[in-house]
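Report on the structure given below.
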Amino acid sequence: MNIKEALAFAAEILKKGNIQAPVREAGALLAYVLKKDLSYIYAHPEENLPGSIEGEFLKAVEKRGSRMPFQYITNHQEFMSLDFYVDESCLVPRPETEILVEAALNVVKKYEKPIRVLDIGTGSGAIAVSIAYYDRNTVVDAIDISESALNTAMKNAKRHKVLDRISFINRDFMHFAAKEPYRVIISNPPYIPRDEIKNLMPEVADYEPVIALDGGTDGLDFYRAIASGLKNLLTPDGTVLTEVGAGQHAMVRGLFEKEGMSVLVLKDLAGIDRVVVGSLSETFFL
Ligand code: SAM
Ligand code: GLN
């Protein structure tokens, strides 16, 4: 099979899997397998693929055709301009989560060092690693109930050389007692209402870890746990930043305000209220 034939064949399979941009994804998968860029592929349509490459490509196309997320096939996702290793152990970091991290980076730089940060539900480590990478004064505790996710997070911390400032804690946050309170708490917790998980796109519903999505009956279990734990988890001058699902911001604001916090809500690039920030001291370092 040459490149042109392989692309046409792959695009057909992806189309049958209802992939929205089958031609583009076929090209991207071949580029990944060949370790070349797209321009090379389009410039060499007649080049024959070695048997091993052809086999690897067809396997990748079959996975994508069954709606495995592209990022689980290539094991890459860029987040905060850093390359993260991802696989089925963890949620694929989302672009909207960058809003949360950017807000947290603005907040941490206003505190004196060392700044203790807690990342609840670290998954791939996208949040913890980005914070530690972009602010060298931070010391981060990254907690996750999933041991396999934590292994992935550690791999990413090592890759970006921040392993010495992140402690990985394999614990259920619902039973977590901090040794010392944190200046900054940041979390993108599971927030999908349990019954809605099955209605998400197949990439999410069929492949991402359910434990990374399931926020309980109304999706708000983790915000309730964070709010009720705040007095012990957060220093009096501390800030808590959480990502929320579309339409959840008012409920989460209410939970934080009930604990005596002042609250700000930030929008994502699509204009959705996405980040709820709480402070016990009425000062926002944003
Ligand atoms: N922080 C990553 C990100 O933003 O891409 C992953 C967020 S993912 C939505 C939520 C994470 O919370 C998952 O990695 C999941 O394993 C973890 N998690 C779920 N239940 C938990 C619990 N009870 N205690 C601690 N972590 C939990
Ligand atoms: N952002 C993910 C989605 O929309 C959900 C992740 C989460 O529960 N925090 O599928």
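The values are calculated or read from the model by the stated rules, or taken from the named source; none is laboratory data. Keep in mind the model is a prediction, meaning the values are calculated, not measured. Positions of Cβ are generated from backbone atoms using ideal geometry, with glycine treated the same way; all protein chains shown enter the neighbour counts.
Note on the stretch 146-164: residues that are within 11 Å of ligand 1 (Cβ to nearest atom) and in a helix (DSSP H, G or I) amount to 7. Considering the conditions (1) within 12 Å of ligand 1 (Cβ to nearest atom); (2) assigned to a helix (DSSP H, G or I); (3) surrounded by fewer than 18 Cβ atoms within 10 Å (Cβ to Cβ), Ala205 is excluded by exactly one of them, (1). Every test in (1) in a loop (DSSP other than H, G, I, E, B); (2) modelled with pLDDT of 95 or more; (3) within 16 Å of ligand 1 (Cβ to nearest atom) is passed by Ala178 save one, and that test is (2). Taken as a whole, the structure places Tyr72 among residues that are of a type in the set (Phe, Trp, Tyr), closer than 30 Å to Val210 by Cβ, out of contact with any strand residue (DSSP E or B) (no Cβ under 8 Å at 6 or more places or on another chain) and modelled with pLDDT of 95 or more. For the stretch 226-252, the candidate set comprises residues that are hydrophobic (A, V, I, L, M, F, W, C) and either surrounded by fewer than 18 Cβ atoms within 10 Å (Cβ to Cβ) or assigned to a loop (DSSP other than H, G, I, E, B) (or both); within that set, the residue that is farthest from ligand 1 (Cβ to nearest atom) is Ala250. Of the numbered criteria (1) over 16 Å from Leu234 (Cβ atoms); (2) crowded, with 22+ Cβ neighbours inside 10 Å, the one Asn151 fails is (2). Looking at Ile131, Ile115, Ile143, just one residue is among the β-branched types (Val, Ile, Thr) and within 9 Å of ligand 1 (Cβ to nearest atom), and that residue is Ile143. Just one residue in the set Asn188, Asn170 is within 13 Å of ligand 2 (Cβ to nearest atom), closer than 28 Å to Arg136 by Cβ and in contact with an Asp or Glu (Cβ under 8 Å, 6 or more places away or on another chain); that residue is Asn188.
With the condition kept exactly as written, say whether any residue in the stretch 99-121 is within 15 Å of Lys155 (Cβ to Cβ), outside any helix (DSSP H, G or I) and among the small types (Gly, Ala, Ser). Within the stretch 99-121, none of the residues are within 15 Å of Lys155 (Cβ to Cβ), outside any helix (DSSP H, G or I) and among the small types (Gly, Ala, Ser). As a summary of the residue check, Leu255 satisfies the conditions (1) assigned to a helix (DSSP H, G or I); (2) at pLDDT 95 or above; (3) surrounded by fewer than 18 Cβ atoms within 10 Å (Cβ to Cβ); (4) more than 16 Å from ligand 1 (Cβ to nearest atom) except for the one numbered (3). What tally of residues in the stretch 106-148 results from selecting those that are more than 17 Å from Ser89 (Cα to Cα), free of Cβ contacts under 8 Å to residues at least 60 places away in the same chain and surrounded by 18 or more Cβ atoms within 10 Å (Cβ to Cβ)? Total meeting the criteria: 9.
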